[in-house]
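Take a look at the structure below.
The values are calculated or read from the model by the stated rules, or taken from the named source; none is laboratory data. All values reported here derive from a predicted model rather than from experimental measurement. Cβ atoms come from the backbone with ideal geometry, glycine included; neighbour counts cover every protein chain shown.
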Amino acid sequence: MEMLKQKFKAQADKLGEEIKAILKEHGDTVIGQTTLAQVYQGMRGMTALITETSLLDAQDGIRFRRHSIDELRDKLPKANGGSEPLPEGLFYLMLVGEIPTQEEVENLTSILQRRSHVPSYVFETMSALPKETHPMTMFVVGVMALQGESTFAKKYAEGMNKKEYWAATFEDTLDLIARLPHIAAYVYRRKYKQGKALQPDGLLDWAGNFAHMLGYDDDQFKELMRLYMVIHADHEGGNVSAHTTHLVGSALSDPYLSYAAGMNGLAGPLHGLANQEVIKWIFEMQEQLQTKEPTAEQIKEYVEKTLSEGKVVPGYGHAVLRKTDPRFTAQMDFGKKHMSDDPLVNTVWRIYETVPPILQSLGKVKNPWPNVDAHSGALLVHYGMVEYEYYTVLFAVSRALGVLSSLCWDRALSMPLERPKSVTTAAVKRWLNKE
Ligand code: FAM
C-alpha cells in the first residue's frame, strides 16, 4: 500500500510541477470560444475541466491513460484461469498511469480485502428503509451511513495541513472501494433474496468476490463482473457522475460525500439508469409482441411507437460519442463467446441493426449508435440476474474506480473550488442589446 501511495505521490508531484510550468508560460492562452447556445444547451463541447484518468474521443470512444478497452482486455492482469481484465489493474492504471504487473494487482487485491469491513450500523441503516426503495437510493444511503468513517473528514476537523489532503483522500478512496461491493451486495440480497446476506470469500479478487456476495458463483458470471467493472469505470470528466463527484469534492467534501453525490447523478435515466430502462423497454416489447425474439420489422414498429410517445430509445445516443461505443462492442464480443444463441442477447443485436437508421432518419439525433447501456442488461439476465432496477448499482460500484482515482488527483494537484459564473436571461438580453 505504501508503495502505491508513494508512487502516486511521486507522479502527482511531477505532474504538478509540469502544470505550474505550463500555466506560467501559457496561462493566458485561449483554447476555445464559448457560444451562447453552449451555455443554454448543456455546455456540449465546451472544454472546462481537467481529468487525468481517461479521455473520450468522439470516434474511437474511451481511452484510459491512452489505452483502449481492447488493449486493456489484452494487457491488464487476469484472474487465475480467467481471460477478462481485473478491475484492480485498471484502478492502478488510472491512479499511477502504468499498467501494473500481476503481482502489483494481487497486492492491491489483498489491500482491498483487508480494508473491506463494513460496520453493522451501515447495514442496519439500509434495513430501516422500506423494501420498495430503489436500489440506488439504498446504496447511496449505505455510502452516506459510512461517511462517519472518513479519514479526510476526521483529519480536516483536527486541522489537517492542506499538503496532507491528497493522502487522506487516498486512504478514503481505498477504504470506500474496498467496502462498496459489500454495501451493493447487501442491497441486492435484502431486496431480492429475502435478506440472506452471503459471507465474502477472502480468496477471490474484488469483482469475483462481489459476484460471489451477490450469489452468483458461476465462473463466467465472475468474468462478466470483471469486464463490467472495467468498462463502466470512467468516461472522462464531464459526464454527470464524474463531474458531480469532482464538483462536490472541490468544496473539500470528503470522498464519501463526493462519491454519494455523483451516484445520485448516475441514478438519472439519461445517465446510469439507462441500463435498467433498456431491459425494461425490451421486456415490454417482448410482452406486447408476445414473442421472445421479435423480428427486425417488429422492432422497427416498436421503436417508432416509442418515439411517437415522446420517449427516447434507451441505450442509444451520446452527448460526446459519435460511433458505436466500444464498451458496447466489448460486451457483444463477450456475448458471442459465451452465449451466442441466447434469444435476449440476439434481440439486442437485432435492435443494433434496426435502431440506428431510424434515429438517423429523425435528422436531429447527433449519435444514432448504441452506448454501453444498450447491452449490459441482456448479459446479466443470461445468468439469472433479472432484477433490472438493480443494474445501476453495479454501474455505481464500477464508477467508483474512476471518480475516486480522479478525486485523488484533484487533491494531489490542489484543484481549487469550482465556481463558474452564471447569468440571467435578462443579463444576456442586455449584452445582446449593447452589440
Ligand atoms: N432516442 C430518441 N431521441 C433521441 C435519442 C434517443 N436515443 N438520443 C437523442 N435524441 C434526441 C434528443 O432527445 C434531442 O431531441 P430534442 O431536440 O427534441 O430534445 C435530439 O435528439 C438531440 O439530442 P443529442 O444532441 O443527440 O443528444 P444529447 O447530447 O442532448 O443527449 C443522451 C445525449 C444520451 C442524453 C441522449 O442521446 C438520450 O437521451 N439517450 C437515451 C438515454 C441513454 O441511453 N442514456 C445513456 C447515456 C450513457 F452513455 C450513459 O450515461 N450511461
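Identify the single condition in (1) within 19 Å of TYR391 (Cα to Cα); (2) under 11 Å from the mean Cα position of the chain (by Cα); (3) in a loop (DSSP other than H, G, I, E, B) that MET263 does not satisfy, given that it satisfies every other one.
Result: MET263 fails condition (3) only.
Looking for something part of a helix (DSSP H, G or I) and touching a Gly at 6+ places or on another chain (Cβ under 7 Å) - is there at least one such residue anywhere in the stretch 336-344? Outline the logic, then answer.
Of the residues in the stretch 336-344, the ones part of a helix (DSSP H, G or I) are 336-338, 343-344.
Subsequent filtering for residues that are touching a Gly at 6+ places or on another chain (Cβ under 7 Å) retains none.
Scanning the stretch 336-344, I find no residue that is part of a helix (DSSP H, G or I) and touching a Gly at 6+ places or on another chain (Cβ under 7 Å), so the answer is no.
Sort out for me the helices (runs of 4 or more DSSP H) sitting completely within the stretch 372-435 that have 1 or more residues that are among the β-branched types (Val, Ile, Thr) and surrounded by 24 or more Cβ atoms within 10 Å (Cβ to Cβ). Show your work before the answer.
On the way: elements: 373-382, 391-412, 425-434.
Passing ranges, in order: 391-412.
Looking only at residues that are within 17 Å of ASP234 (Cα to Cα) and among the aliphatic types (A, V, I, L, M) in the stretch 315-336, which one is nearest to the ligand (Cβ to nearest atom)?
My answer is ALA319.
From the list GLN102, GLN11, GLN38, GLN113, which residue is without any contact (Cβ under 8 Å) to a residue 12 or more places away in the chain and at negative phi?
GLN38
Could you please let me know if SER110 is hydroxyl-bearing (Ser, Thr, Tyr), modelled with pLDDT of 95 or more, within 28 Å of ARG226 (Cβ to Cβ) and part of a loop (DSSP other than H, G, I, E, B)?
Working: hydroxyl-bearing (Ser, Thr, Tyr): yes; modelled with pLDDT of 95 or more: yes; within 28 Å of ARG226 (Cβ to Cβ): yes; part of a loop (DSSP other than H, G, I, E, B): no.
Against the criterion (hydroxyl-bearing (Ser, Thr, Tyr), modelled with pLDDT of 95 or more, within 28 Å of ARG226 (Cβ to Cβ) and part of a loop (DSSP other than H, G, I, E, B)), SER110 does not qualify.
Is the stretch 134-153 home to any residue that is farther than 30 Å from GLU71 by Cα and outside any helix (DSSP H, G or I)?
Scanning the stretch 134-153 turns up at least one residue that is farther than 30 Å from GLU71 by Cα and outside any helix (DSSP H, G or I).
So HIS271 ticks every box in (1) at pLDDT 95 or above; (2) out of contact with any Leu (no Cβ under 9 Å at 6 or more places or on another chain); (3) closer than 30 Å to PHE170 by Cβ but one. Which box is left unticked?
Among (1) at pLDDT 95 or above; (2) out of contact with any Leu (no Cβ under 9 Å at 6 or more places or on another chain); (3) closer than 30 Å to PHE170 by Cβ, the lone unmet condition for HIS271 is (1).
Residues checked against (1) within 16 Å of the ligand (Cβ to nearest atom); (2) without any contact (Cβ under 8 Å) to a residue 60 or more places away in the chain; (3) closer than 18 Å to LEU380 by Cβ:
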{"position": "ASP201", "(1), (2), (3)": "no, yes, no"}
{"position": "MET213", "(1), (2), (3)": "no, yes, yes"}
{"position": "ASP217", "(1), (2), (3)": "no, yes, yes"}
{"position": "GLY238", "(1), (2), (3)": "yes, no, no"}
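State the number of residues belonging to the stretch 297-335 that are part of a loop (DSSP other than H, G, I, E, B), over 19 Å from SER361 (Cβ atoms), hydrophobic (A, V, I, L, M, F, W, C) and modelled with pLDDT of 95 or more. If you could, list the steps in order and put the result at the bottom.
Going through the stretch 297-335, the residues part of a loop (DSSP other than H, G, I, E, B) turn out to be 309-315, 317-325.
With the extra rule that they be over 19 Å from SER361 (Cβ atoms), the set shrinks to 319-321, 325.
This time we only want the ones that are hydrophobic (A, V, I, L, M, F, W, C), so: 319-321.
With modelled with pLDDT of 95 or more added as a condition, the list becomes 321.
Number of matching residues: 1.
Report every pair of residues separated by at least 6 positions or lying on different chains whose Cβ atoms are under 7 Å apart, first residue within the stretch 401-430 and over 28 Å from LYS14 (Cα atoms), second assigned to a helix (DSSP H, G or I).
VAL428/LEU36
Specify the residue that is nearest to VAL312 (Cα to Cα); the eligible residues are those in the stretch 267-283 that are near the ligand (Cβ under 9 Å from one of its atoms) and small (Gly, Ala, Ser). Spell out the reasoning first.
If we filter the stretch 267-283 for residues that are near the ligand (Cβ under 9 Å from one of its atoms), which is where we start, we get 268-275, 277-278.
When the remaining residues are screened for being small (Gly, Ala, Ser), the result is 268, 272, 274.
Numbers: GLY268: 14, GLY272: 15, ALA274: 10 Å.
Checking each candidate, the answer is ALA274.
From the list ALA251, ALA296, which one is away from the ligand (no atom under 16 Å from the Cβ) and farther than 23 Å from LEU49 by Cα?
ALA296
Six or more apart or on different chains, Cβ under 6 Å: which pairs go from a residue in the stretch 360-376 that's in contact (Cβ under 8 Å) with a residue 12 or more places away in the chain to one that's more than 9 Å from the ligand (Cβ to nearest atom) and among the basic types (Lys, Arg)? Could you list them?
Hits for this filter: ASN367/ARG322; TRP369/LYS323.
What number goes with the only condition from (1) assigned by TED's automatic domain parsing to the domain that holds LYS429; (2) surrounded by fewer than 13 Cβ atoms within 10 Å (Cβ to Cβ); (3) outside any helix (DSSP H, G or I); (4) modelled with pLDDT of 95 or more that GLN59 does not pass?
(4)
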